[in-house]
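Okay, structure first, notes after.
The values are calculated or read from the model by the stated rules, or taken from the named source; none is laboratory data. From a predicted model like this one, the values you see are computed outputs, not experimental measurements. Here the Cβ positions follow ideal geometry from the backbone for every residue, glycine too, while neighbour counts run over all protein chains shown.
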Amino acid sequence: MSTSTQQALSGFTAGAVSTAMLHPLDLVKTRFQVNETAGARLSLMRSLADISRQEGVRSLYRGLSANMAGATSSWGLYFWWYAIIKDWMRTAPDGTTSTAKLSATQHLIASAEAGMLTSLLTNPFWLIKTRMCTQKATDPGAYRNVFDGLRQVVRAEGFFGLYRGIVPALIGVSHGALQFMAYEEMKHMRMELVHGADIEKLGTLEYITMAAASKIFATVCTYPYQVVKSRMQVQTSYVSKEYSGVISTVTSIVRGEGLAGLYKGMGVNIVRVLPGTCITFAVYEGMSKLLRNS
């Protein structure tokens, strides 16, 4: 099995496990992101309780099919392309492949390129996930599942309707690029300083710690793009304004809600992404090690 295929299978599995476990936090985060109330006091536990009481416990998993489709395909494709691009960077003009460590800049470029390619293919899934998370199952025209959502969008908005929010999504590639640059640098530093450059000696706790640190770093640097993307993707029946261009959306949020509006849901996001990232990277590295040694 090629390295890129191993990476794809590991990423696919990791994405499925973390998404299935943490979807309710994703749902609450998305609703916080599209909340237009200035100075709103948003509580994770109160929101989970309110949704369960008003819409039923099953509503906490509304949009899971789209989230699962987006997460598994994104992680699988991302790691696949990331491995291919890194191999290409190591390949000399004569066709020989080096095992030398890539620089931080090369990791940043490889991650950004992999992220852009992944975003172009998976944006429709994230669009449906965002809308399903902000719909109630009883709402008129509410999407029944990811395939019904895709069908309704194409019929009502055309094929390009599936790509609402693609510009901030592409801008958001910087998030993954920063995360993977930091993660790769920490991993190699840990290997060289503690384990004599032997990757097999890195343990699960070390992977989890580095994954969490790199995720927090990337989230703090890039979070506003997630709010902008959610506002642009959500159905206009849920919000009072029409959000279209990136600049106009940012301007509208800042004018109406202040700079804090660009960070709505970040607390929930960190609560969600920390265990999600730890699970994802632990499963990914575990699967990678298993496939390498099989």
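Conditions: (1) under 27 Å from residue 10 (Cα atoms); (2) modelled with pLDDT under 90. Residue 93 meets all but one. Number of the miss? Residue 93 satisfies every listed condition except (1).
Residues checked against (1) free of Cβ contacts under 8 Å to residues at least 60 places away in the same chain; (2) within 21 Å of residue 168 (Cα to Cα); (3) in a loop (DSSP other than H, G, I, E, B):
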{"position": "45", "(1), (2), (3)": "yes, no, no"}
{"position": "69", "(1), (2), (3)": "no, yes, no"}
{"position": "75", "(1), (2), (3)": "no, yes, no"}
{"position": "89", "(1), (2), (3)": "yes, no, no"}
{"position": "106", "(1), (2), (3)": "yes, no, no"}
{"position": "112", "(1), (2), (3)": "no, yes, no"}
{"position": "117", "(1), (2), (3)": "yes, yes, no"}
{"position": "121", "(1), (2), (3)": "yes, yes, no"}
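For the structure I just gave you, tell me whether residue 30 is hydroxyl-bearing (Ser, Thr, Tyr), surrounded by 23 or more Cβ atoms within 10 Å (Cβ to Cβ), under 17 Å from the mean Cα position of the chain (by Cα) and closer than 22 Å to residue 275 by Cβ. Criteria met by residue 30. Looking at the range 18-33, can you tell me whether even one residue there is over 20 Å from residue 139 (Cα atoms) and without any contact (Cβ under 8 Å) to a residue 12 or more places away in the chain? The answer is no; no qualifying residue exists. In this entry, residue 142 is excluded by the filter for residues that are hydrophobic (A, V, I, L, M, F, W, C), out of contact with any Asp or Glu (no Cβ under 6 Å at 6 or more places or on another chain), under 22 Å from residue 287 (Cα atoms) and in a loop (DSSP other than H, G, I, E, B). A single member of 204, 222, 209 is surrounded by fewer than 18 Cβ atoms within 10 Å (Cβ to Cβ) and touching a Gly at 6+ places or on another chain (Cβ under 8 Å), and it is 204. At least 2 residues being closer than 20 Å to residue 18 by Cβ is the threshold, and among the helices (runs of 4 or more DSSP H) wholly inside the range 195-292 those reaching it are 204-222, 224-233.
Take residue 150 and tell me if it is modelled with pLDDT of 95 or more, more than 22 Å from residue 28 (Cβ to Cβ), of a type outside the set (Asp, Glu) and under 23 Å from the mean Cα position of the chain (by Cα). So residue 150 passes the test. Within the range 137-147, identify whether any single residue is surrounded by fewer than 19 Cβ atoms within 10 Å (Cβ to Cβ), more than 23 Å from residue 217 (Cα to Cα), of a type in the set (Gly, Ala, Ser) and in contact (Cβ under 8 Å) with a residue 12 or more places away in the chain, and answer yes or no. Within the range 137-147 (the criterion being surrounded by fewer than 19 Cβ atoms within 10 Å (Cβ to Cβ), more than 23 Å from residue 217 (Cα to Cα), of a type in the set (Gly, Ala, Ser) and in contact (Cβ under 8 Å) with a residue 12 or more places away in the chain), the answer is yes, since at least one residue qualifies. Do the conditions hold for residue 39, that is, is it of a type outside the set (Asp, Glu), in contact (Cβ under 8 Å) with a residue 60 or more places away in the chain and surrounded by fewer than 18 Cβ atoms within 10 Å (Cβ to Cβ)? Taking the combined requirement at face value, the residue satisfies it.
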